[in-house]
Amino acid sequence: MEQFKEKLKEYKVAVCDGGRPYIRTDPLIEWMRATEPRHGSSNADRLLLEAYNVKGWSSFLPISTSKICDGGHDRCAIVFSILLEIGLAHMIHDVQKRGIIDQFVPMSLADLKSKFSDIDPSNGIRLAELFDRAQWKFRPVMMTWDMDREYQEQHYLPFCRKTEIGKGGQARVFQIAVQEDYVDNDLRKRLSKTGITTYPDEVFGPCFQFALKTFEEGNITYFKDEKKAFDALKSNKGMIQYLGSFGHKEIRPPKDPAGGRTETIVPLKHILLEYGEFDLYKIFQYRLPPVIASEIQNFWTSLIEIADALKGIHQIKTKNGTYSGWHNDIKPGNIIVVNEKYKLADPGFAKFQKKLEDDKGEDPIPKILATGGTDSYSAPEYYARFRTPHAEVTQSVDIWSMGCVLSMAATWVVLGYQGIYQYNLLRQKAIQGIVERSSSDPKQRDIDPGDFFHNGKDILPEVKQWHQYLRSAARQTDQITTKILDLVEKYLLVANKRMTAERLYERLQKLLQDNKPNDIPVELEDLMGFLCEIDEEAISSPEGFQQQQITTQATAQMLRSHTKGNKLQVPPLLKTASRYEALAKITASRSPRLEARHSPKHTDVNGFFDYTAHPQGNGSQVATNPYLPTEHTPPPLPPKRISTFRLQNENTPAPQNVIQAREEFRDTAWYKKTKDNVLQAHFDNRDIIFLVDNAPSMEAHWDEATYLLETLVMKAKPYDDDGMELFFTLSPRAYAKGKDAGMFREKMREQRPRKGTGMSTDMVVPIDRIFKRYFDKLDEYDERKRKGKKPKEERKEALTLIVLTDGVWAAMQHSDDVFNYMKTILLKELERRKILRFTDRPVSIEFVQFGNNDDATERLRALDDDMEFGGYKDIIDTEMFSVNGDVRKMLIGSFVASFDRLDTVQISPPVHQSTFASLPPSGALPSRPQSMYSVYNHAQTGRVGDLPPIAELAGQGQNRTPTNSTGSSAPYQTPPERPPNRSSWLGGLR
């Protein structure tokens, strides 16, 4: 019983924002079902026995634990837990017979009184009240698709995290997290279609994110209007998705407990929506504007879909007829980014009117009374409602607002966020000038102070001048923005005869279709790859970045702080809008053989490039090699990575990057009939397992990791008959198996890491877990064969584990924990089982690194290269992820030796040469050069650090015969708490 009480504390969720803590029943029931070896019985068995023994029952019990925990329709495990807490566990057989079972809990107090009185007529009322007070925390509200319920104050809401992200005059908006146990399957399916992701919460486990709009008393009319609008717009894919609504009576503590006041009950109404991280205004703040032509094209292509959503609002077809609609509040703050798509949100001021025909059979122009909205983006006639209270407006008021949004977006594309700020100030000053020149009587003025786009009647002249300024300042690569500005001035920001939403969407589409972005010159291809890598490293939303606009006072203060002697503060590195998608397309259109332009043709016997060979064979100096620096060529520049190219043998197939691989799958029918000959030659009865590092440090690389995983699954699909498996480092319960790339993508969305959780990866733990499972399967197969039973599945000894990671692994006590685990535990176990008795690699591990953390890169390099130096079997390969990374090498590089040798050479800064002194003796070194910079040093001095000349190293490396480990007969072990340190020379690399 004491254990049960401890488990109740463990599974109690302390809800944020003043909510009441509830009990997670799923893990509690799992614990009850579990069997402890020392007792030989389940926890539920012992609880049941204790409950009845206390009341003097004999060894015969009136109900079995299987009926309590596994009773199907009649399961009563939650009911048993409630009875245990209130000391009535001995009544479980009676309450179960009377229909008090899990599926009907929580039950009304009236029903409980009736049933408990039937059990104990004298104490039934009291027992029912005890049960009623306890039952609610065991059954929090379940979030369901299209929910429409009213909950009383007894109900617990399962919001484990709740943060206010917006507040208006009518409602407050919260970002909430809900544990996956309390999101039903139907809602999960809807969410997976919209791209809403889960994240592994450090405290609460896997959670779904939602936006919750809350209306208090006095604003219920606004709630009804917005709910009605969402109901009408459910089929509009361009609208933020409405997931449901519910009412709840919230219990609030007294404001002054010392004053003797009691808690109050406040009725609230909630609308549940899909969650988007950014609105368009935050995109202006948190993203750099697009630069190259394809980036600009991608941005505008995404944004104009808002016009399509508006078209769907302006005309809604239902079974009951056709309706005209108005959004009435289009602005950057109401355009939300959901799964890389722009969607319209907040239809709180939306209006709908059934279409009617006039006497001539024609549709009259629909009009409504102008109400609500945001003044800055409102049309002149909409603003006029303050002068004429009963003024009616047409749907074209939304078109004006759309013109304002496009004007703001064009400003950002050309000038960035500071341009947005300047544009706002310009309009404010222009309006202020009109006000100062107008009558002192506000009723006689056409306009009041503000940042409108009009003067009360027509477009501000300053707005037109600003547009002309943008045209003159637009980049040479931008052939779209100026044309959009022309469209805005001619058809949107006009006093009358504005374009319809349908016509606007058609014109914008044609404008983009007619525009053909100029190709990037071939000589800039490497630069594009470098820029893409920089963008991968940039953060999505800077820590501590203020969401409000920068004031002139703050700007002046910042400039004054940069006095002589002070260093200029460097702002956070931000992502560039549409960069990754644009550069990916560019890369896909290029030749796959980058090495053809970068690499010399001379290779040694191992297929590595011999940089000491003379290109002409005439005794010329090393410096004449065109790929090495000369007296006229300075050494490589100091950035971490300037370029990468492949050390490749002429007989090795050309590398295939991730974009080229995806191009193969455009025609599904074609793909089903064709296999990759390179992969087909090496895959034979081999299992593939993916392990993805979902620590917060991977958040910046998650989109790229998802894209790569999906590509690898698509490539390997024909060669793993029983399907590939997916695991995560921080989510042992997360698991997927199959061949459907879409399923793997959805799992990645669910497990997306979240910054600020404090979680980190110890890579030993998940790798050990996977290989224990692998060994257990082999043992089970052998045991069934020994007993003459038919094995459940075919015995597969060959296994490749592909790990997608940044290599940071901050939870490890020592930087070489993985290295020591490999050599002291995993490799010895593989040798003990004689799995490594062959010359090939039946078991292998491929690490694909994201980002460019230097310590992580060195750690992975040691796993790839240094294991062999110690006489251990080489089963590990590493590959850096980049746009030009070789997909085939990621799949087979760990077990195909010819691909393992295809290492990427990086141009690195000279500071890294200091690590060479701590390398192993020269005889143990491979014959490959360490970097382009080391080759340059050799060309000048004949030496690299403390190492002998490269030619000498190559000879020694070829004659070296590695000594294999003798293995051990010891059984498979768990990793030691403190693994032994690496040898002295390897320790210097930490």
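Pairs only if they're at least six apart or on different chains, beta carbon under 8 angstrom, first in region 137-155 and surrounded by 15 or more Cβ atoms within 10 Å (Cβ to Cβ), second polar (S, T, N, Q) and not in a loop (DSSP other than H, G, I, E, B); list them, first residue then second.
These pairs meet every condition: Phe138/Thr25; Phe138/Ser81; Arg139/Thr25; Met147/Ser245.
Being assigned by the TED database to the domain that holds Glu829, open to solvent by 10 Å² or more (accessible area, probe 1.4 Å) and modelled with pLDDT of 90 or more: is that true of Val803 here?
No, not satisfied.
Looking only at region 327-355, count every residue that is outside any strand (DSSP E or B) and either on the phi < 0 side of the Ramachandran plot or open to solvent by less than 20 Å² (accessible area, probe 1.4 Å) (or both) and tell me the total.
Residues of region 327-355 that are outside any strand (DSSP E or B), as a first pass: 327-334, 339-340, 345-350, 355.
Those left that are additionally either on the phi < 0 side of the Ramachandran plot or open to solvent by less than 20 Å² (accessible area, probe 1.4 Å) (or both): 327-334, 345, 347-350, 355.
Total meeting the criteria: 14.
I need the strands (runs of 3 or more DSSP E) fully contained in region 212-318, keeping only those with at least 3 residues that are closer than 21 Å to Arg20 by Cα, open to solvent by less than 10 Å² (accessible area, probe 1.4 Å) and at pLDDT 90 or above.
Working: elements: 242-252, 264-273, 315-318.
The qualifying strands (runs of 3 or more DSSP E) are 242-252, 264-273.
Is there any pair with a first residue in region 720-731 that is within 19 Å of Asp676 (Cβ to Cβ) and a second that is of a type in the set (Asp, Glu) and open to solvent by 10 Å² or more (accessible area, probe 1.4 Å) whose Cβ atoms are under 9 Å apart and which are 6 or more apart or on different chains, and what are they?
Here the result reads Asp720/Asp687; Asp721/Glu794; Gly723/Asp740; Met724/Asp687, each pair linking region 720-731 to a residue that is of a type in the set (Asp, Glu) and open to solvent by 10 Å² or more (accessible area, probe 1.4 Å).
What do you reckon, is Ser122 in a loop (DSSP other than H, G, I, E, B) and assigned by the TED database to the domain that holds Arg24? Quick ask: steps written out before the conclusion?
Details: in a loop (DSSP other than H, G, I, E, B): yes; assigned by the TED database to the domain that holds Arg24: yes.
So Ser122 fits the description; yes.
Can you list residue pairs whose Cβ atoms sit under 9 Å apart, with the first residue in region 734-746 being over 15 Å from Asp687 (Cβ atoms) and the second being modelled with pLDDT of 85 or more and part of a loop (DSSP other than H, G, I, E, B)? Count only pairs 6 or more apart in sequence or on different chains.
Qualifying pairs under 9 Å: Ala734/Asn694; Ala734/Gln751; Asp740/Gly723.
Filter region 101-126 for residues that are within 22 Å of Glu153 (Cβ to Cβ) and among the hydrophobic types (A, V, I, L, M, F, W, C); which is surrounded by the fewest Cβ atoms within 10 Å (Cβ to Cβ)?
Among residues in region 101-126 that are within 22 Å of Glu153 (Cβ to Cβ) and among the hydrophobic types (A, V, I, L, M, F, W, C), the one surrounded by the fewest Cβ atoms within 10 Å (Cβ to Cβ) is Ala110.
Regarding Ala669, is this residue part of a helix (DSSP H, G or I) and modelled with pLDDT of 80 or more?
Working: part of a helix (DSSP H, G or I): yes; modelled with pLDDT of 80 or more: no.
Against the criterion (part of a helix (DSSP H, G or I) and modelled with pLDDT of 80 or more), Ala669 does not qualify.
Filter region 423-449 down to the residues that are touching a Gly at 6+ places or on another chain (Cβ under 6 Å) and among the β-branched types (Val, Ile, Thr), then identify the one that is modelled with the lowest pLDDT. If you could, list the steps in order and put the result at the bottom.
Within region 423-449, the first condition is being touching a Gly at 6+ places or on another chain (Cβ under 6 Å), and the residues that meet it are 431, 446-447.
Filter once more, keeping what is among the β-branched types (Val, Ile, Thr): 431, 447.
On the way: Ile431: 92, Ile447: 83.
This residue is Ile447.
Just give me the residues in region 394-423 being over 14 Å from Phe453 (Cβ atoms) and surrounded by fewer than 24 Cβ atoms within 10 Å (Cβ to Cβ), in sequence order.
Selection gives Thr394, Ser396, Val414, Leu415, Gly416, Tyr417, Gln418, Gly419, Tyr421, Gln422.
Can you tell me which residues in region 451-493 are aromatic (Phe, Trp, Tyr) and surrounded by 19 or more Cβ atoms within 10 Å (Cβ to Cβ)?
Phe452, Phe453, Trp466
List pairs: first in region 105-127 and of a type in the set (A, V, I, L, M), second in a loop (DSSP other than H, G, I, E, B) and surrounded by fewer than 17 Cβ atoms within 10 Å (Cβ to Cβ), Cβ under 7 Å, 6+ apart or cross-chain?
Ile119/Arg98; Leu127/Asp120
The values are calculated or read from the model by the stated rules, or taken from the named source; none is laboratory data. In this text the structure is predicted, and so the values were computed from the model without any measurement. Neighbour counts are summed over all protein chains in view; Cβ atoms, including those assigned to glycine, are modelled from backbone coordinates with ideal geometry. The area values use the complete protein model at the heavy-atom level, side chains included, leaving out ligands, DNA and RNA. Shrake-Rupley method; radii C 1.70, N 1.55, O 1.52, S 1.80 Å.
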